[in-house]
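Right, one structure below, let's go through it.
Any read-out appearing in this document is the output of simple, stated calculations on the displayed coordinates, not a laboratory observation. Since the model is a prediction, treat every value here as computed from it, not as a measurement. Positions of Cβ are backbone-derived with ideal geometry, glycine not excepted, and every protein chain shown enters the neighbour counts.
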Amino acid sequence: MSFAYLASTPGLKHNYSLYAVPAGWVVSMLPIWWAIGTAESTSRGTYNNAMPSETWGNLKERLPEQTYKRVIRAVAANNNSHVNLPLFASALVLGNLVHLPSRTLHLCAGGYLALRFAYNVAYILIEDRAWSYIRSALYFSGVGTCLTLFIKSANKLATLPW
């Protein structure tokens, strides 16, 4: 075994990219799990699993202002993540169907997951309007990884003779 092999991207010769879809779901759920845990630990009995939508509307009086705003932003981050999850999953499936290199699939999938995690943290913690553009940059960078897969897949399909 050579040093060049060890220094290369070990494990990326096999395609594990579709495992990123359930990982993406977990990353999407982290903000809501955090919101529920934070609301419950701050004010016991706050979260109502039977009526979760009503829970978020009734928190303002029960939580400190900063905690309330973070919980509401966490719920919004969760909602946004689930809106983007189909784009991510379909981009990965298409990339796999056209046999994009596994390195490309892994880099885009890993990049999306890392950017999405950073986006969630930024969404919850950033309170200043000027700093909120960091969150927007993270969002568009994550979408960019998905669009990269679509474009690379389209380029590969464009070479087919049908």
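In the set ASN78, ASN84, ASN49, only one residue is among the polar types (S, T, N, Q) and either outside any helix (DSSP H, G or I) or surrounded by fewer than 18 Cβ atoms within 10 Å (Cβ to Cβ) (or both); that residue is ASN49. Would you check if there is a residue in region 43-58 being free of Cβ contacts under 8 Å to residues at least 12 places away in the same chain, closer than 18 Å to GLY24 by Cβ, out of contact with any Leu (no Cβ under 7 Å at 6 or more places or on another chain) and not small (Gly, Ala, Ser)? No, region 43-58 contains no residue that is free of Cβ contacts under 8 Å to residues at least 12 places away in the same chain, closer than 18 Å to GLY24 by Cβ, out of contact with any Leu (no Cβ under 7 Å at 6 or more places or on another chain) and not small (Gly, Ala, Ser). Take region 32-42 and flag every residue that is without any contact (Cβ under 8 Å) to a residue 60 or more places away in the chain, farther than 15 Å from LYS60 by Cβ and either of a type in the set (A, V, I, L, M) or surrounded by 18 or more Cβ atoms within 10 Å (Cβ to Cβ) (or both). Within region 32-42, ILE32, ILE36 meet the criteria. Does TYR119 count as aromatic (Phe, Trp, Tyr) and under 14 Å from PRO31 (Cβ atoms)? Spelling it out, TYR119 is indeed aromatic (Phe, Trp, Tyr) and under 14 Å from PRO31 (Cβ atoms). ALA23 falls short on exactly one of the conditions (1) in a loop (DSSP other than H, G, I, E, B); (2) within 14 Å of the chain's Cα centre (by Cα), and that condition is (1).
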